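Q: First, the structure itself, so that you have it in front of you.
The values are calculated or read from the model by the stated rules, or taken from the named source; none is laboratory data. Values in this document were obtained by computation on a predicted structure and should not be read as measured data. Here the Cβ positions follow ideal geometry from the backbone for every residue, glycine too, while neighbour counts run over all protein chains shown.
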Amino acid sequence: MNSLPINVVKRNGDQQLLDLEKFHRVVSWACEGITGVSASEVELRSHVQFYNDIKSSDIQETLIKAAADLISEETPNYQYVAGRLINYHLRKAIYDGPTPTRLYDHVKDVISKGFYTNELLDWYTEEEFDEMDKFVVHERDNNLTYAAMEQFRGKYLVQNRSTKEIFETPQMAYILISATLFASYEKDRMTWVKDAYNAFSNFDVSLPTPVMSGVRTNVRQFSSCVLIEADDSLDSINAAAASIVKYVSKKAGIGINAGQIRAIGSSIRNGDATHTGVIPFYKLFQAAVKSCSQGGVRGGAATLYYPIWHLEVEDLLVLKNNKGTEDNRVRQLDYCVQFNKLMYERLIQGGNITLFSPHEVPELYDSFMVDNEKFKEIYEKAERNTSIVKKVVSASELFSSFMQERKDTGRVYLMNVDHANEHSSFIPEKAPIKQSNLCCEITLPTQPLNGLNDEEGEIALCTLAAINWGNIKSIEGFKKPAEIAVRALDALLDYQDYPIKAAEISTMNRRPLGVGIINFAYWLAKHDTNYSTPDLDLIDEYTEAWSYYLTKASADLAVEKGACPLIGDTKYGLGITPNQTYKKDVDELVEHKERMDWTGLRKQMAETGIRNSTLMALMPSETSSQISNATNGVEPPRSFVSVKQSKDGVLKQVVPEYRRLKNKYELLWDQESPEGYLSIMAVLQKYVDQGISVNTSYNPQHYEDEKIPMSEMLRHLVQFYKYGGKQLYYFNTYDGATDDFDEGTPLTQNEIDDSCDSCVI
């Protein structure tokens, strides 16, 4: 320890000598009851960084950093020490001491500063706030990890983004989110608020970034995903661009369907002009996406969708890569290429794929989504028509080009549009699925707008949450989290505002939700199974229960509040559930069983309907997984101690129960092939009415000459289609780097949290 006296400048400007005894008490408290940590180690590491006239807040930040630096595989529990030190820091700054303010007084204070909605005091009486205060467990903040607390204070806690002043602690956020979501309930309102608070604060249910940061404030846009379709007209393209700007400014992730725009050289106005092609319009969409910053840090993020048979596809496939000039590249969008059965047949048979401009062949694009046989008929007739402009390419070469770009960029995605329709909750002829969202898990109907105020068009929104499988002890354990998730998100649809009327009309008519999964890798480890050799029957049993209880929750809510108005567009309205319409090839992987009372549920839905047209979607969950100290979504961990860089800094996170389950976890790069993982996704998709953000990951070290054969990648592509896969998201390639973070070495593209905060829940 430094023997020289150190002067400390307090928050109010007063000065005093460093109180070593107080310093020791704080660190000892942070380490109390935690095994494998040493208060003296934290003290030593921090004290050497003290200097004269240091601010008291800087002392606390130094303590936090000292504890965080000690997080490792050997000493994982320093993540809790660092988390407690952040909590101590927050309480000192917000409450001027360790004890949180009375809830009612806290709410009035933050309202007076303009950061909570005034409606909180209209919805609840002082007595009701006092009742809520009694079931808030502030001690839960002390169980949050370093990564969780850093995400809270960086993204989730209500604060003045200019001055960095934070106004609440995590438990305050959770109780007020719960109070806001269930404010409209008349029957058993306080019971629902309490149950929701416990589900959120115990991490049984995980909420997305827009909800966590915005609900209880004056912000009123919480849908994570926005799907916007552009038609082949200037009015529609301009309306799509304007819609993108509106929703990017609200921090939403964007999916853009531009597959119908005609190809370069096409005739316009009876030959008065020729079309410039799709790339200039893609640049327009890119400019719209990047026009507004999200949280003042970065521009928005979007994925653009187009069909594999588009006449310009050879140029479109390379838009993302680093070759070429800015004139022929549009790099700040991600891309998703659409396939169907006929395209795979041409690949397998060694045939060709004929490229067309969509406008040249009427009905081709729409049938592509809805009816494989009709599409084949129209497509083959067009191939024979010599008057239609077309280009013939080898299917093998085109698929290989797609896969090469997917591998090289990591961010050229895939959508099987026939599966997205055949195995969805919608009746394709009534409500076709033509695209997905930023992260490739949402499948909702869209219609192009002819103007920003066009109420005949349809912008699709999806509101997200996830259930923490790590907290599930039996299949019955899904019941309560499913009820809370469905009711909370459904209430949100009525509470939030809608910048564009076409989005409001669609959402009110369809009431779509997307509830996913977090902590799946931990759940696998707890059940002594893994990704390479998974227990598919066990996975099938739990996924069935998860899907059943979500569906039952929405069906019960329909009895109480009414079915969604456009239930006639859904298979649910006919009493048909996803485990009836799945790709039957999955039966090769796991025997089909119905363990839950699906018969009774289907009868109920056929009689009284369902509240929400969609319920399940498996999204990425980087941020919410850190909050919940969970593994990311359904993905395998890259390492036992992951190092993630976000706009808020470098965060270390340890897999749950590392010491006990270390030998049970299977790490991503230890898998010799993605086949086991893909088989799991196939079983999950059987019960999901929307899609899954499925990643494919390869470690070249497992292949001869450390080169991944193209034949291997294409084989997995065909496997994915065979078992009903809908969308493929990232392509990850191991480059030999470790997860040890060196500030001089930037992390790889897929390791940086640079996607839209909204979509990554």
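Q: Which one of these does Glu455 not meet: (1) in contact (Cβ under 8 Å) with a residue 40 or more places away in the chain; (2) touching a strand residue (DSSP E or B) at 6+ places or on another chain (Cβ under 9 Å)?
A: For Glu455, the exception is condition (2).
Q: Has the range 405-420 got at least one residue that is of a type in the set (Val, Ile, Thr), outside the structural domain of Ile708 (by TED's automatic domain parsing) and within 24 Å of Ser236 (Cα to Cα)?
A: Going residue by residue through the range 405-420, those that are of a type in the set (Val, Ile, Thr) are 409, 412, 417.
Keeping just the survivors that are outside the structural domain of Ile708 (by TED's automatic domain parsing) gives 409, 412, 417.
Subset that is within 24 Å of Ser236 (Cα to Cα): 417.
Yes: one or more hits.
Q: A further question follows. With a cut-off of at least 2 residues that are assigned by TED's automatic domain parsing to the domain that holds Asn632 and at pLDDT below 95, name the strands (runs of 3 or more DSSP E) lying wholly within the range 645-761.
A: Those strands (runs of 3 or more DSSP E) span 649-654.
Q: Can you tell me which residue within the range 104-156, out of those that are buried (at least 21 other Cβ atoms within 10 Å of the Cβ) and touching a Pro at 6+ places or on another chain (Cβ under 6 Å), is farthest from Gln496 (Cα to Cα)?
A: Looking at the filtered set, the residue picked out is Asp141.
Q: If we only count helices (runs of 4 or more DSSP H) wholly inside the range 525-618, which ones have 2 or more residues that are hydroxyl-bearing (Ser, Thr, Tyr)?
A: Filter on the range 525-618 gives 536-561, 598-608.
Q: Taking the options Thr354, Thr443, Thr386, name whichever one is buried (at least 17 other Cβ atoms within 10 Å of the Cβ), of a type in the set (Val, Ile, Thr) and assigned to a loop (DSSP other than H, G, I, E, B).
A: Details: Thr354 fails: assigned to a loop (DSSP other than H, G, I, E, B); Thr386 fails: buried (at least 17 other Cβ atoms within 10 Å of the Cβ).
Matching residue, one of Thr354, Thr443, Thr386: Thr443.
Q: While we're here: Does Gly470 satisfy the criteria of being small (Gly, Ala, Ser) and assigned to a loop (DSSP other than H, G, I, E, B)?
A: Answer is no for this residue.
Q: Quick one: which residue in Tyr80, Tyr116, Tyr156, Tyr174 is within 22 Å of Thr62 (Cα to Cα), of a type in the set (Phe, Trp, Tyr), touching a residue at least 24 places away in the same chain (Cβ under 8 Å) and not assigned by TED's automatic domain parsing to the domain that holds Ala491? Talk me through it step by step, then tell me what you get.
A: Working: Tyr116 fails: within 22 Å of Thr62 (Cα to Cα); Tyr156 fails: within 22 Å of Thr62 (Cα to Cα); Tyr174 fails: within 22 Å of Thr62 (Cα to Cα).
Just one listed residue meets the conditions, Tyr80.
Q: Is at least one residue of the range 334-350 assigned to a strand (DSSP E or B), within 21 Å of the chain's Cα centre (by Cα) and modelled with pLDDT under 95?
A: No: zero hits.
Yes/no per residue for (1) in contact with an Asp or Glu (Cβ under 7 Å, 6 or more places away or on another chain); (2) farther than 30 Å from Ala288 by Cβ:
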| position | (1), (2) |
| --- | --- |
| Gln171 | yes, yes |
| Val215 | no, no |
| Gln221 | yes, no |
| Cys225 | no, no |
| Ile228 | no, no |
| Asp235 | no, no |
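Q: For Asn7, only one of the following conditions fails: (1) within 25 Å of Arg638 (Cα to Cα); (2) touching a residue at least 12 places away in the same chain (Cβ under 8 Å); (3) loosely packed, with under 14 Cβ neighbours inside 10 Å. What is its number?
A: Going through (1) within 25 Å of Arg638 (Cα to Cα); (2) touching a residue at least 12 places away in the same chain (Cβ under 8 Å); (3) loosely packed, with under 14 Cβ neighbours inside 10 Å one by one, Asn7 breaks only (1).
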